[in-house]
Amino acid sequence: PRRMGCCAGGLAARPGWGRGEGQTGGPSKAEWDSAPRMPDTPVIDQHGHELKFYRGLVKGKTVAINFIFTNCLAACPMLTAIFGKAQQDLAEQAGGDVYFISISVDPVNDRPENLKEYAARFEAGPGWTFLTGKTPEIDRLGTPLGAECYNKSDANPAVMGANDQSHPWTARP
């Protein structure tokens, strides 16, 4: 069966998005208008609360999103540590102006209690949400975020960033 990995190729993996001639950090208006829309799929956070992905976590906010799984020994801990450092550096904005979202690509094994423990290991504070959910719902997040992989070991870490109001989605490996 198809599964995503923590590859998170992101929008930067789409030809011309933030990499084309004359582009400096995001898709053009035409590319944005033709991009898949962010799903409002149900997800579950590290506290066991069910949320709608778009309305509850992205709409009207500036967010940084990565993909992880808690038993990853490769890129996930490094990427999570980078999010932790960014959260410390943006302490005054985190949870107010800037939000962090880490999505597990292993929802079968990463239940809320695993994510809560993982978040504690990296000293995640307010404004940093760790998500899991039903496999089909998590898979639905992959396409618009450019994170479709077929094996968790296909690590190609990236962070997607967006401001929902101004629409510039960018990704950096």
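At a probe radius of 1.4 angstrom, the accessible area of segment 59-111 per residue rounds to 45 square angstrom. Count the net charge of all other residues whose Cβ sits under 15 Å from the Cβ of Ala81, scoring Lys and Arg as +1 and Asp and Glu as -1. That sum, taken over residues with Cβ under 15 Å, equals 0. Here the gap between Arg111 and Asp40, fully extended at 0.36 nm per residue and compared with their Cα-Cα distance, gives a gain of 23.6 nm. For the pair Glu50 and Ile82 in one chain, pulling the backbone fully straight at 0.36 nm per residue adds 8.9 nm over the alpha carbon distance. In this structure Leu90 has an accessible area near 60 Å², from a 1.4 Å probe over the protein heavy atoms.
The values are calculated or read from the model by the stated rules, or taken from the named source; none is laboratory data. None of these values were measured; they are calculated from a predicted model. Here the Cβ is made from the backbone with ideal geometry for all residues, glycine too, and neighbour counts use every protein chain on show. Ligands, DNA and RNA are excluded from the accessible area calculation, which covers all protein heavy atoms including side chains. Shrake-Rupley method; radii C 1.70, N 1.55, O 1.52, S 1.80 Å.
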